[in-house]
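Taking it in order: structure first as structure tokens, then the write-up.
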Amino acid sequence: MRAGRSTGNPVRRLTAVTIVLCAVFAPFARADQTQDLLSLRNTLVGVLEELVKSGVIKPDEARKIVDKAEADALAEASKQRSTDAVNPNTVRVAYVPEIVKDQLRAQIKEELAGEVTQDVLDQAHHDGWGVPGALPAWIGDMKWHADMRVRSNSVLFASNNAQGFYLNFQAINQAGGIGPAGQNAFLNVSEDEHQMNERMRFGVDTRVADGWTMGVRVSTGNDGNPVTRNVNVAQYNAPWNTYVDLAYLEYATKNVVFVGGRFLNPYLSTNLVYDDDLTFEGLAVTGMLPFELFGADDRAFLTVGYFPLDQINLSSRDKYLFGSQLGTQFAFGQSSLGIGIAYYDFANLNGTRNTPGSTKENFTAPAFVQKGNTMFDILNDNDPNTGLYALAAQYQLEDVSFVFDSGPLSESMHLRFTGDFVRNVGYSEGDVFRATGVRVPGKTDGYQFQLSVGAPDVNRFGLWRIAALYRHVERDAVVDAFTDSDFHQGGTDAEGWGIEALYGIARNTWMRIRYLTANEIDGPPLGIDLLQVDLNAKF
């Protein structure tokens, strides 16, 4: 109990005070107020009766409260009638005794103290309140950010999946062949997997000059895997691996953005083509042209980027990605629509078979693959125990993506609809036949739709969002190394659907439950379901 506070029941005090006020003011109410005052009196009497029934106060105490209220009301009414008789033109102003004012002030102050204090602290943090000159200027130019995710991840396989068919090309290439890879030479398609993993990212963005920003971020991750930052929690005997996954310099004006280094995806896209964790290394520039068709925020944009993927010594066949995207952004009141038309050219990504006894073309094998793309052995050494697999096709992608946001339908409620259509126009059945000696029909289309309803950012308690998606990505529609690493356990040649729900459990803390189910499009049966339960936090 705090010192100086009354030990009486606060409900009892407030009820008594309200009865007094009602009784005092009733004689002087206008005719059109009489019904309201009578209703209020009856309500308060009912409240007193319920308090007595529930044992909050005793019958004698309730009777004393009513008797005192009536006595005070009669005395005040007699006094005011005397005053009116002397001066009939007196204007009545409702009087609240000082003791009542003090009680109300204390109650309101107690109820609002926590909320007001938090609002003030948030505003001070946002505006950088403080003593001018107390801290170096460069500290104010730094914006720190971090996020953490703890995940329960369950991979569930269909009972009729084909055994001993789907090769694990990543494991085979790392081991030097099917024989050396042993039991890892084939993908697990039958034993359900239940894991706990975690992702942590911590970074800072610093304004170094007008228009110039430098950014750095450190993240958990796995060596050689560009599409996930997850680490397995079951590694208590060793620390987690961490990497610098962002390090860039950006120059931005109203109409131009230039960025170089390692940075976030600069294109309007979905995880059909590029996984959400994928970062880009190279240079990108975006030019924007404002215009007004539907609203003042309408604009057209053009993004062009060059991203080295692998530099080859003593060769002119370096691997790189060249990407360009032309798009528009429309505003309809509080709604918005973004559309992007892109062309992504993955140059020199396909493999070349070695001449017998040579390893000169080994560099054409990819550093990382998931599964789905058409692959072939480039070693050409006639040894069944060895092997080095590379992509058989070229990848030149034409991609159309869009995102529609309804704006706030109600407080913290948006409807968001995204779509993506992609086709690999670089696929040639003739080139694939010459590389592999096998006729492989082109399967080069992919599309994805997602609809979500709820808060765009689930950043406080009670906010929520639900979403559903459908996805169809054929064998060589996209590069399997860069597409989403969760759907069908990563890669291409899959179709299915997914649902997810997010709920805010505290400030900048939320839960997410996601379920994905997918099957193969071509080839033997391969059904994979995924259930994820996440705890997330950020600042």
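Computed from the coordinates by the stated procedures, all read-outs in this text should not be read as laboratory data. For clarity, every value in this text was computed on a predicted model and none was experimentally measured. As a convention, Cβ positions derive from the backbone with ideal geometry for all residues, glycine included, and neighbour counts pool all protein chains shown.
Of the chymotrypsin sites (Phe, Trp or Tyr not before Pro) found in the stretch 154-211, those that fall in a DSSP loop while having at most 16 other beta-carbon atoms within 10 Å are PHE165. Under 1.5 on a/c is rounded, so check that first for the stretch 139-188, then, if it is not, pick prolate when a/b is larger than b/c and oblate when it is not; a ≥ b ≥ c are the square roots of the alpha carbon gyration tensor eigenvalues. Oblate is the answer for the stretch 139-188, as a/c is 1.5 or above yet b/c matches or exceeds a/b. For the stretch 249-386, the equivalent ellipsoid derived from the Cα gyration tensor has semi-axes of 41, 16, 11 Å, listed largest first. Residue-wise HN-Hα couplings along the stretch 258-272, as the Karplus relation 6.51 cos²θ - 1.76 cosθ + 1.60 with θ = phi - 60° gives them from phi, are 10, 9, x, x, 10, 8, 6, 3, x, 9, 6, 7, 10, 7, 5 Hz; Gly and Pro carry x. Multiplying the residue separation of ALA137 and TYR470 by 0.36 nm and subtracting their alpha-carbon distance yields 115.0 nm.
Extension gain, SER316 to LEU249: 0.36 nm times the residue separation minus the Cα-Cα distance gives 21.3 nm.
For the pair THR242 and ARG207, label points projected 7 Å from Cα toward Cβ lie 2.8 nm apart. Across the stretch 269-298, the residues whose backbone nitrogen lies under 19 Å from the label position 7 Å along the beta-carbon direction of ASN222 are 274-279.
Remark on SER428: its backbone amide H falls under 5 Å from those of GLN394, a criterion applied only to residues 5 or more positions apart or on other chains, H modelled at 1.01 Å from N. Approximating the spin labels as points 7 Å out from Cα along Cα→Cβ, the VAL150-to-ASP457 distance works out to 2.5 nm. Taking θ as phi - 60° and the Karplus parameters 6.51, -1.76 and 1.60, the scalar couplings of the stretch 508-513 work out to 6, 9, 8, 9, 9, 10 Hz in sequence order, x denoting glycine and proline. Taking trypsin sites (Lys or Arg not before Pro) across the stretch 427-498, the ones in a DSSP loop with at most 10 further Cβ atoms lying within 10 angstrom of their Cβ are ARG439. The length gained on full extension between PHE294 and SER324, counted as 0.36 nm times the residue separation minus their Cα-Cα distance, comes to 8.3 nm. If a spin label sat at a point 7 angstrom from the Cα of VAL233 along the line to its beta carbon, the backbone N atoms of the stretch 184-222 nearer than 20 Å would be those of 192-202, 219-222. Here is the list for the stretch 404-489: GluC sites (Glu not before Pro) lying in DSSP coil, each with at most 13 other C-beta atoms within 10 angstrom of its C-beta, are GLU411. Evaluating 6.51 cos²θ - 1.76 cosθ + 1.60 at θ = phi - 60° for every residue in the stretch 167-176, the Karplus couplings come out as 6, 8, 5, 5, 5, 5, 5, 5, 7, x Hz, glycine and proline recorded as x. In plain terms, the residue of GLU281, GLU520 with the fewest other Cβ atoms within 10 Å comes first and the most crowded comes last, giving GLU281, GLU520.
Put a dot 7 Å past the Cα of SER406, heading toward its Cβ, do the same for SER190, and the two dots end up 4.8 nm apart. Packing order of peptides 215-221, 313-319, highest average first: 215-221, 313-319 (average count of other Cβ atoms within 10 Å over each peptide's residues).
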